[in-house]
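A quick write-up on the structure given underneath.
The values are calculated or read from the model by the stated rules, or taken from the named source; none is laboratory data. None of the values given here were measured: they were computed from a predicted structure. Methodologically, a virtual Cβ is constructed for each residue, glycine included, from the backbone with ideal geometry; neighbour enumeration extends over all protein chains shown.
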Ligand SMILES: [Zn+2]
């Protein structure tokens, strides 16, 4: 058995040298506020990996936020961010693909997510597949 808890790269795979506390952990553990939509999107992916419902709901814009999340038996295995476009100061889109496994079978999803900034904080609105 290997000891994984203290030397794991952040699940968002932004930088293979960055461990969780210095990457998405900064935001999920409320030490900093994500400065742009891509950073928020990466931290939300990591929150899905960790099944952190609280962080996902709190970064979801109230206009589209669900009451609660169901974490299906999904194992997230990889994230690739393809583009990050900021159309104006408070609106941004991030396109990405994420790989996951269900019952040992691998799948890939592709999404263009929309984000809005309010009161200096970015929120997820919704996604187009
Ligand atoms: Zn990360």
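The table for this structure:
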{"read-out": "Residue count, region 23-35 (criterion: part of a loop (DSSP other than H, G, I, E, B) and touching a helix residue (DSSP H, G or I) at 6+ places or on another chain (Cβ under 8 Å))", "value": "7"}
{"read-out": "Single match in 87, 83, 63 (criterion: assigned to a loop (DSSP other than H, G, I, E, B) and in contact with a strand residue (DSSP E or B) (Cβ under 8 Å, 6 or more places away or on another chain))", "value": "63"}
{"read-out": "Residue within region 15-22 that is in a helix (DSSP H, G or I), over 13 Å from the mean Cα position of the chain (by Cα) and either surrounded by fewer than 15 Cβ atoms within 10 Å (Cβ to Cβ) or within 14 Å of the ligand (Cβ to nearest atom) (or both) present", "value": "yes"}
{"read-out": "Criterion violated by residue 56 - all others in (1) within 11 Å of the ligand (Cβ to nearest atom); (2) within 12 Å of the chain's Cα centre (by Cα); (3) part of a helix (DSSP H, G or I) satisfied", "value": "(1)"}
{"read-out": "Test result for residue 116, more than 16 Å from the ligand (Cβ to nearest atom) and in contact (Cβ under 8 Å) with a residue 24 or more places away in the chain", "value": "yes"}
{"read-out": "Single residue of 73, 66, 62 found to be more than 10 Å from the ligand (Cβ to nearest atom), surrounded by fewer than 18 Cβ atoms within 10 Å (Cβ to Cβ) and closer than 20 Å to residue 100 by Cα", "value": "73"}
{"read-out": "Test for residue 40: is it under 13 Å from the mean Cα position of the chain (by Cα), within 13 Å of the ligand (Cβ to nearest atom), surrounded by 11 or more Cβ atoms within 10 Å (Cβ to Cβ) and in a strand (DSSP E or B)", "value": "no"}
{"read-out": "Residue 58 out of contact with any strand residue (DSSP E or B) (no Cβ under 6 Å at 6 or more places or on another chain) and modelled with pLDDT of 95 or more", "value": "yes"}
{"read-out": "Checking residue 86 against (1) more than 18 Å from residue 46 (Cα to Cα); (2) out of contact with any helix residue (DSSP H, G or I) (no Cβ under 9 Å at 6 or more places or on another chain); (3) in contact (Cβ under 8 Å) with a residue 40 or more places away in the chain, the condition it does not meet", "value": "(2)"}
